[in-house]
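Q: Have a look at the structure that comes next, please.
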Amino acid sequence: MARHSGGRGWYGKMLGAALGVTMLATGASVWTAQAGTEDEAAPAAKAPTSAVKPVSKTIAHASDAGERGINITIDDGPDPKWTPQVLDLLRQYEVKATFCMVGTQAQAHPDLVKKVVAAGHRLCDHSVSHNTAMDKDTQAYQSKQILDAERMITKASGGVRPMYYRAPGGAFTPYSRGLAADRGMRPLGWNVDSKDFERPGTETMVATVKRELSNGPTILFHDAGGDRTQTVEALRQLLPWFKEQGYTFGFPVR
């Protein structure tokens, strides 16, 4: 998700303590934060043991569907109310999407993770607790957030691993990008922010996406974190419009 005021986001307050995740003091950062110190102690977290093929550590924005390709990305779920509605729309318009899942949400709703996979969509690691200031914390903390979420999502899916890593709020560091890439998860950015997290109104969201589509193909929506009625309605309008304009749907490059 895009970085918003409120620091670590809505998952930290509810779930951080229960999971024993050390949280930072609330703080805001900018989307372009992609730097981090490299002189910290080695992370304590261990990666899953299954063999993986490393991918590029640069942040992906392009679509594998070519010049007229669009990547629909859905963040913060899965959510038992909103994810099924999003899945229904994607099925109706024959669209594949990338679901950037928070580890605790995947752990809580494995049935939805499996439905996402069964429908042919791709999975993306969106950290354990959605701390949008995690780029300010230690490498050990970043490692735990990324690798624990990877394990949670993989287990919930029945063994299907996430193919991407999207830092909450874009809070990437060189270390987190490299760690994710070594685990076969391409760092994933976005070109168009629908602003649905702010709930500005469906028509405003639709207009924003159409106006900013020239920025690039990867579009950010959310299926959790609050009332997503406007997101569902915006997708209902945008998905057929994309097709009418000659766009095709793909996945972010890896």
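Q: Taking H as built 1.01 Å from N, whose amide H comes closer than 5 Å to the amide H of residue 188, not counting residues under 5 places away?
A: Amide H to amide H, under 5 Å and 5 or more residues apart or across chains, residue 188 pairs with 60, 165, 166, 167.
Q: Accessible area, 1.4 Å probe, largest first: how do 254, 211 sort?
A: Sorted by accessible area, descending: 211, 254.
Q: Another one. Determine ³J(HN,Hα), in whole Hz, for all residues of the stretch 163-168 in sequence, where each value follows from phi through the Karplus function 6.51 cos²θ - 1.76 cosθ + 1.60 and θ = phi - 60°; x replaces Gly and Pro.
A: Coupling constants for the stretch 163-168: 9, 9, 10, 10, 5, x Hz.
Q: Let me ask something additional. Counting only heavy atoms of the protein chains, get the accessible area per residue of the stretch 107-167 (1.4 Å probe) and round it to a whole Å² value.
A: On the way: 1930 Å² over 61 residues.
Heavy-atom accessible area per residue stands at 32 Å².
Q: Ignoring any ligand, DNA or RNA, what whole percent of the accessible area of the stretch 165-254 comes from carbon and sulfur when the probe is 1.4 angstrom?
A: Here carbon and sulfur together make up 45 percent of the probe-accessible area.
Q: At most 11 other Cβ atoms within 10 Å and a DSSP loop assignment: could you name the chymotrypsin sites (Phe, Trp or Tyr not before Pro) in the stretch 144-195 that fit?
A: Counting only loop positions with at most 11 other Cβ atoms within 10 Å, none of the chymotrypsin sites (Phe, Trp or Tyr not before Pro) in the stretch 144-195 qualifies.
Q: Expressed in nm², what is the orientationally averaged projection area of the convex hull enclosing the Cα positions of the stretch 87-213?
A: Answer in nm², one decimal: 8.3.
Q: Accessible area, 1.4 Å probe, largest first: how do 144, 81 sort? If you can, show how the numbers build up before the last one.
A: On the way: 144 85, 81 120 Å².
From most accessible down to least: 81, 144.
Q: Ok, one more. For the charge dipole of the stretch 127-225, defined by +1 on Lys and Arg C-beta atoms and -1 on Asp and Glu C-beta atoms about the Cα centroid, which residue among 204, 127, 222 has the Cα displaced farthest towards the positive pole?
A: Selected residue: 127.
The values are calculated or read from the model by the stated rules, or taken from the named source; none is laboratory data. Since this is a predicted model, take the numbers as computed values, not measurements. Because the Cβ atoms are built from the backbone with ideal geometry, glycine has one as well, and the counts that use them run over all protein chains shown. Quick note on the areas: whole protein, heavy atoms, side chains included, nothing else; ligands and nucleic acids left out. Shrake-Rupley method; radii C 1.70, N 1.55, O 1.52, S 1.80 Å.
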